[in-house]
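Structure first, commentary second.
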Amino acid sequence: MWLFLWSIHRTTVERRGEDGRLVGMVFGGRPVTEAQIGAELGVSVSTVQRYSRRLRREGYWEVRRHRDGLVVCVARSKKRGPGWLVDRSHVTGQIGQM
């Protein structure tokens, strides 16, 4: 639960997926390490890994491994509420369809 709330809080860009749902990108699609997440939440890396697996299994997270960490996308993020959408993927050239 805390990891999911952290990811919504750290979502800086939202876009519509192919299915029309909002997908939030943590830190705008920049990689983050499990150690950084753990430090922010005050938990161990193994705890972050365990909950990350559960969020992926349940369909709340999509994660892409990157040499500098994880690129985390949050399904159904709804950070800004209805009607708000920012898609800067065309500007950054990062994060294609997941």
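Here's the yes/no breakdown for (1) under 10 Å from the mean Cα position of the chain (by Cα); (2) among the hydroxyl-bearing types (Ser, Thr, Tyr); (3) under 11 Å from ALA75 (Cα atoms):
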{"position": "ILE8", "(1), (2), (3)": "yes, no, yes"}
{"position": "VAL13", "(1), (2), (3)": "yes, no, no"}
{"position": "LEU22", "(1), (2), (3)": "no, no, yes"}
{"position": "MET25", "(1), (2), (3)": "yes, no, yes"}
{"position": "VAL32", "(1), (2), (3)": "yes, no, no"}
{"position": "ILE37", "(1), (2), (3)": "no, no, no"}
{"position": "GLY42", "(1), (2), (3)": "no, no, no"}
{"position": "ARG50", "(1), (2), (3)": "no, no, no"}
{"position": "TYR60", "(1), (2), (3)": "yes, yes, yes"}
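Looking at region 4-19, can you tell me whether even one residue there is surrounded by fewer than 17 Cβ atoms within 10 Å (Cβ to Cβ), on the phi > 0 side of the Ramachandran plot, free of Cβ contacts under 8 Å to residues at least 12 places away in the same chain and part of a loop (DSSP other than H, G, I, E, B)?
no
Quick one: how many residues across region 1-23 are modelled with pLDDT under 90 and small (Gly, Ala, Ser)?
2
The values are calculated or read from the model by the stated rules, or taken from the named source; none is laboratory data. Please read these numbers as outputs of a predicted model, since none were measured by experiment. Don't worry about glycine lacking a Cβ; one is built from the backbone with ideal geometry, like all the others, and counts go over all protein chains shown.
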